[in-house]
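The values are calculated or read from the model by the stated rules, or taken from the named source; none is laboratory data. Keep in mind that this is a model prediction, so the values were computed, not measured. FYI the Cβ positions are ideal-geometry reconstructions off the backbone, even for glycines, and counts take in every protein chain you see. Ligands, DNA and RNA are stripped out before the accessible areas are found, and what is left, the full protein with its side chains, is counted by its heavy atoms. Shrake-Rupley method; radii C 1.70, N 1.55, O 1.52, S 1.80 Å.
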Amino acid sequence: MTRKIAFLACAGTLPGSPTRRADAFEHDVQVAALRGGLAGMDATLTEIDWRAPLDALTGFDLAVLGTVWDYTDHPAEFLARLEALEAAGVMVCNPAEIVRWNADKGYLRELAEAGAPSIPTLWADDPGADDILRAFDHFDTDRVVVKRRVGAGAVGQFSFTRADPPAADWRLGQAGMIQPFLPAIQSEGEYSLIFIDGQFCHALLKQAADGDYRIQSLYGGREVALEPDPADISRAAQVLAMLPFGQAPLYARIDMVRLPDGQLALIEAELIEPYLYPRQGPRLGEMLAAAIRRRLG
């Protein structure tokens, strides 16, 4: 029996879209890797917008949350769609339960309390200028980063210094988190360790363009494949083992940065729609396809 698999995307990433994003090439690379991995399996892979009519989506056996990169602007609608798919018998990977937990970066506080290696963080319902000024003293630092609790790709992220603080009336406008700026982001980079069905697949180092600290390709970031130290793999695997779910997610990208003490600390556990860097991990498509096969039985 031919299994039907959906690769859920959005208008900004689907091929042929008039509003296609500059980084949508990542969609093409990831789809090609998965399609290649599925080549030996009696299965079809269809790229489709997650907002397509429900009837167009319920005919699939399994839906991969691929490049649904606009979900952060419509989190309630997105979650409701995933729940509707699951209710219709479609296996969603990763499932709505994981998406609900992972969509708000408050999960980082939960993992930190469980013992995950973490970056010191202040949490605020709507960070303002006074919160930033207090954070400089709290962290004993001259630079901080402010992130949305619900967001992705460094969108809506700010960095302030004591010499260039926010205006007195500045506010983030939504729930956020404040962290000390870690120099290793610029001097070394951000590590991504990719796991498929709980098994380590590959790793890479993401480095920002000169003069920037954001490592995403939209901002000129570059990626370098690497063979991580076994201790670093173990540290990421420990984070994966702390996830509050009975089964390992189909895919997980554990993003980490080195602290001044030399240890890697968690930036994010990306479980919803992370880019999985197939170019740096030639086994990715094969491992994903094998994991999908196991799930479908």
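A search for C-beta distances below 6 Å between a residue of the stretch 272-297 that is among the basic types (Lys, Arg) and any residue that is assigned to a loop (DSSP other than H, G, I, E, B) and at pLDDT 95 or above, counting only pairs 6+ apart in sequence or on different chains, returns nothing.
Scanning the stretch 85-107 for residues that are outside any loop (DSSP other than H, G, I, E, B), open to solvent by less than 20 Å² (accessible area, probe 1.4 Å) and not polar (S, T, N, Q), we see that the one that is nearest to Gln174 (Cα to Cα) is Tyr107. For the stretch 111-145, a residue qualifies if it is farther than 26 Å from Asp169 by Cβ and in contact with a Lys or Arg (Cβ under 8 Å, 6 or more places away or on another chain), and exactly one does: Pro117.
For every residue, the table says whether it meets (1) buried (at least 20 other Cβ atoms within 10 Å of the Cβ); (2) not β-branched (Val, Ile, Thr).
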{"residue": "Asp137", "(1), (2)": "no, yes"}
{"residue": "Asp164", "(1), (2)": "no, yes"}
{"residue": "Ala167", "(1), (2)": "no, yes"}
{"residue": "Gly173", "(1), (2)": "no, yes"}
{"residue": "Ile178", "(1), (2)": "yes, no"}
{"residue": "Phe181", "(1), (2)": "no, yes"}
{"residue": "Ala184", "(1), (2)": "no, yes"}
{"residue": "Ser187", "(1), (2)": "no, yes"}
{"residue": "Leu204", "(1), (2)": "yes, yes"}
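Return yes when Asp42 is out of contact with any helix residue (DSSP H, G or I) (no Cβ under 9 Å at 6 or more places or on another chain), open to solvent by 60 Å² or more (accessible area, probe 1.4 Å) and within 24 Å of Val150 (Cβ to Cβ) and no when it is not. In short, no.
The set of residues from the stretch 18-69 being under 19 Å from Ile196 (Cβ atoms) and part of a strand (DSSP E or B) comprises Ala43, Leu45, Leu62, Ala63, Val64, Leu65.
For Thr72, the conditions (1) in contact with a helix residue (DSSP H, G or I) (Cβ under 7 Å, 6 or more places away or on another chain); (2) under 20 Å from Ala103 (Cβ atoms); (3) open to solvent by 10 Å² or more (accessible area, probe 1.4 Å) are fulfilled apart from (1). Scanning the stretch 108-137 for residues that are in a loop (DSSP other than H, G, I, E, B), acidic (Asp, Glu) and closer than 30 Å to Leu8 by Cβ yields a count of 0.
Could you tell me which residue of the stretch 18-39 is most open to solvent (accessible area, probe 1.4 Å), considering only residues that are closer than 16 Å to Tyr277 by Cβ and hydrophobic (A, V, I, L, M, F, W, C)? Looking at the filtered set, the residue picked out is Phe25. One residue stands out among those in the stretch 1-17 that are among the aliphatic types (A, V, I, L, M) and open to solvent by less than 60 Å² (accessible area, probe 1.4 Å): the one that is farthest from Leu288 (Cα to Cα), which is Ala11. Pairs meeting the criteria (first residue in the stretch 28-48 and more than 19 Å from Phe60 (Cα to Cα), second residue assigned to a helix (DSSP H, G or I) and of a type in the set (Lys, Arg), beta carbons under 9 Å, at least 6 apart or on different chains) are Val29/Arg279; Ala33/Arg279. If you check Tyr275, Tyr251 for being open to solvent by less than 40 Å² (accessible area, probe 1.4 Å), within 18 Å of Val68 (Cβ to Cβ), out of contact with any helix residue (DSSP H, G or I) (no Cβ under 6 Å at 6 or more places or on another chain) and aromatic (Phe, Trp, Tyr), only one passes: Tyr251.
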